[in-house]
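Only the coordinates and a few stated rules stand behind these numbers; no lab work does. From a predicted model like this one, the values you see are computed outputs, not experimental measurements. Using ideal geometry, Cβ is built from the backbone for each residue, glycine included, and neighbour counts are taken over all protein chains shown.
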Amino acid sequence: MSTYAKKPFTFTGWHMLAIMLAFFGTIITVNFTMAYLATSTWSGLVVKNTYVASQQFNGKTAAIREMLATGIAGELSVDAKGMRYRLTLPENTPVIADSVTAHFKRPVGTAQDFELQLTPAGDGLYLAEMDVLAGSWIVEIQAIKDGKMIMHEAKRITVSGE
């Protein structure tokens, strides 16, 4: 038998302090990390002024209803080298626009966003050549004729890296 008896463990205030610091330190570290990642990856900006956007809502809704009533449809094709966009009326009648613009936006973040002016290729077809990075994009297309928007649509696409 040993002459040295093992001293029983005593939970002290120092032990409680260490547990509290580890617990709350972990929570605070995770919160700061999540807050940093949230603010550094997306601007969070949806509209510049929510009041102005709310006042313009009815006018924009009426314009969209008017545009949809014309029956104009757009057909979009995007690959790594550029895009094709065809505007047609019902019965495949081509639509000629003065300008067609495509805004490429990443679903999260604004660093890689860009805009393309499409070139008319005849028969309602509009083309643009540009190296488009692989991944998900939201393509917002606007077609204007005689100073009036005749088509405005947004499509979510995925461009393959091949």
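For the chain, the longest principal axis of the alpha carbon atoms and the long axis of helix 50-69 meet at an angle near 40°.
The lysines whose alpha-carbon is closer than 18 Å to the alpha-carbon of K105, local same-chain residues fewer than 8 away aside, are K48, K81, K155. The alpha carbons of the chain occupy a box of 103, 44, 25 Å along the principal axes, longest dimension given first.
Given the -39500 (n - 2.57) contribution per DSSP H run of 4+ residues, what per-residue ellipticity at 222 nm results for the chain, rounded to the nearest 500 deg cm²/dmol? Show your work: numbers first, answer last.
Working: 2 runs with 49 residues, N = 162.
Here the helix-only value at 222 nm equals -10500 deg cm²/dmol.
Once the Cα atoms are used to define both axes, helix 13-41 deviates from the longest principal axis of the chain by about 10 degrees. Along its first, second and third principal axes, ordered by size, the range 105-152 spans 34, 21, 13 Å in Cα coordinates.
How many angstrom lie between the C-alpha centres of the range 84-127 and the range 136-151? Taking the Cα centre of the range 136-151 as reference, the centre of the range 84-127 is 7 Å away.
Relative contact order of the chain, taken over Cα pairs closer than 8 Å and 6 or more residues apart, is 18 percent. Of the trypsin sites (Lys or Arg not before Pro) found in the range 59-147, those in coil by DSSP whose Cβ has at most 12 other Cβ atoms within 10 Å are K81.
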